[in-house]
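For reference, the structure discussed in these notes is given below.
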Amino acid sequence: MGYQMDKSTVQKTKRSIFYWIGRTLIIWVGGVLGLMLISRLSVGLEVSNWETAFIVVLLVGILNALFWPLISRVFLPFMVYTVGVGSLLLNGLLIWVVSNFVPGISIEGMALILTPIGMTLVTTILSYILTADDDAAYYRIVLRHKIIESEGKEHKKNPGVIFLEIDGLAEKILKEAMDKGHMPTLKSWLKEGTHKITGWETDLSSQTGASQAGILHGNNYNIPAFRWVEKPNNNKVMVSTGLNDAPVIEERISDGKGLLYSNGASRSNLFSGDAGDVIFTYSKLKDLKRFYSKSWYYFYSSPSSFSRIIVLFFGEVILDFISQITHSLRNIRPRIRRGLVYPFVRAGAAIFLREITTYTLIGDIINGDVDVGYVTYLGYDEIAHHSGVRDADAFHALRGLDKQFKRLEQAKKYAERPYYLVVQSDHGQTNGATFKQRYGITLEDLVRDLMPSEINIYSKLSSNEDHFGQAITAPGKDAKRYLVNKKDTVFEDTRKVKNSTLKTFNKNYEAKEIPKKISKEDADAIVLASGNLGLIYLTQWKDRLTYEKMNHFYPNLIQGVVKHPGVGFIMVKSSKHGPLALNDKGCYHLADHTVEGENPLDNFGPRAAEHLLRTDGFEYVPDILVISLYDPEKDEVAAFEELVGSHGGLGGTQSQPFIMHPVEWDLGGEEIIGAEKLHQVLKDQLKKVLGSNQAING
């Protein structure tokens, strides 16, 4: 047995040596080819011949090996605050230094940035073709950093926990992706018996703002949607990702003892969970002191990390342009026009943030200092919004994420401290043609048509910003229309609505003149959307307007909205009957759970009334809360914003996320309903895992 083990060790050593030689040759040849490629573009780089290129790449490699660890430490703030561009300049500077000693090469201008990218481009392509592991060298760099930093320190032995959130992935789609072979790493965890999947149910609204507030801080009260109006606050429109609003929201929801408050790390999240170490966390983006973190070193410790991201970034941009052409040629529906800007937004979410997140997590795991980390991978959600929840683009994003989990699993082998990897989602998405695609009008158009012409209306019907940026907006075209008055009743049966009604809607809409744009400050009514959740605020009144008063002042509004075929139901507050959920066929009294006519909540899940009643108690609930139609047979909604896959309201898989956790974790026997409940479940587990090192319950 001893002889066999020695022989095995020798074979592994040989393989390691051959791998190192092969990897070095790939980097060398790729660098030479990239250098010559950029020199042909006439951008400031001149290389006389191939021999010179080989010498330059060799010397740059030696300089990187000797001096990059020092350079990356000294210039880390410069690289961080230039969002990576500084690392390209430093790479170019090394080539410039070599050019002063090697005849036949000169570099200046844009070549200082483009040359490192070109060299990495070719190296990345060769590595992909030859299936070389790009991470092995990175692991060794971080490991050396750990040895230097941890001299004299006692290593932590108790396990740490890393929560890996896949934004917008429903439990059902996760299982489909694994069955189809798109996520082999996660599937292997289930097969090997290390993990199991537990589903949970979101609150209303089923979107990142409410879910992460609940998961990370245990409090998502008064967050009725991604964007909402605060009437007492001079009709302020709050946005979950607003640079000014996100810090205010976190201040409201945080008690200082969030999920990450004790030695935690937040990466690419909406809220911080009270973590001290934050990178790309919306609620902390304005605080430049918090933007800089020592964990950035794990990303910039390799001289080619940022160049590699640039290469992958533009590869993703090209993929989306190809996808747009493919969707058009194949007439894939539903689909939306993505435009020229969106591919760069997609690449930012699916590549840029993904790679930075993974690099820093690998460093965290190997270094072993972080007790609990929480990260959000945004790519799937961003792509599913615009391509569809089961589209080839969406599964492409999941394959990319699965590779990240494989990289993190490999990183654990280099760490002295064990880590649990927990994969979960904050909500799902539900597919479907949009409200505007189905009916030719937006929710704003519908509201405008039902109100007097002198009423000024402001709308915002895009919540795409809950991921990466305000890149895709779908402002609806304004119109005016006035319908026949209906009498003021709590419930009026309008079962006889025919297709001619919809034709009348659209005919009247097209005939009206388009009014001027109104600012939210001058608006008498504000219409917002989060997926298939619509919010109508009548802002002439500082308090929430009752059902009876709305029928008095705007007798057409409620009856006109509920009879539209694209509306599933609305929720209003009656002074006589309390909160009501009603559509054109029935009314559900939420206070006593009695129903008149047909139950308008039948298709929206067994706890729809529970979610609505909770939202009804929020201070900033709209005067009229609107949920679009939901087709249970097709599992489709009609989003009020121009997104194919949507979330934020009720109906289908948007409310059905998951948590894939170690099998030894006991999440309790009860169903996990709501993000606040999930927060407490996770805190209980962290207390067991981390023990006395973290006073989880404060």
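Every number in this text was worked out from the coordinates using simple rules, so none of it is lab data. Values in this document were obtained by computation on a predicted structure and should not be read as measured data. In this analysis, Cβ positions are derived from the backbone assuming ideal geometry, glycine residues included, and neighbour counts consider all displayed protein chains.
Some observations on this one:
- For the peptides 639-649, 676-686, residues were scored by their other Cβ atoms within 10 Å and the scores averaged per peptide; the highest-first order is 639-649, 676-686.
- For GluC sites (Glu not before Pro), the sites in region 359-435 that DSSP calls loop and that have at most 15 other Cβ atoms within 10 Å are GLU416.
- Across all directions, the average flat footprint of the convex hull enclosing the Cα atoms of region 157-264 is 9.3 nm².
- Inter-centroid distance (Cα atoms) of region 31-49 relative to region 265-309, Å: 34 Å
- For region 520-581, the Kirkwood hydrodynamic radius comes to 12.7 Å, computed from all pairs of different C-alpha atoms.
- Cα-derived Rg to Rh of region 553-698, Kirkwood definition: 1.07
- By the count of other C-beta atoms within 10 Å, a proxy for reagent exposure, ASP369, ASP635 are ordered fewest to most as ASP635, ASP369.
- C-alpha center-to-center spacing [region 315-392, region 550-626] in angstrom: 36 Å
- Binning the alpha carbon pair distances of region 419-465 at 5 angstrom intervals from zero yields the distribution 4, 13, 17, 17, 14, 10, 8, 6, 4, 4, 2, 1, 0, expressed in whole percent.
- Gyration tensor verdict on region 221-354 (Cα atoms; rounded if a/c is under 1.5, prolate if a/b is larger than b/c, oblate otherwise): oblate
- Neighbour-count order for LYS294, LYS156, LYS573, fewest beta carbons within 10 angstrom listed first: LYS294, LYS156, LYS573
- For LYS403, the aspartates and glutamates whose Cα comes closer than 14 Å to its Cα, not counting residues fewer than 8 places off in the same chain, are ASP133, ASP134, ASP135, GLU355.
- Too-long pairs where the Cα-Cα distance tops 20 Å, listed order kept, from LYS520/LYS542; LYS172/LYS196; LYS180/LYS677: LYS180/LYS677
- Per the Cα gyration tensor, region 14-129 maps to an equivalent ellipsoid with semi-axes of 21, 19, 14 Å, ordered largest to smallest.
- The ranking of ARG448, ARG73, ARG338, ARG614 from fewest to most other beta carbons within 10 Å of each one's beta carbon is ARG73, ARG614, ARG338, ARG448.
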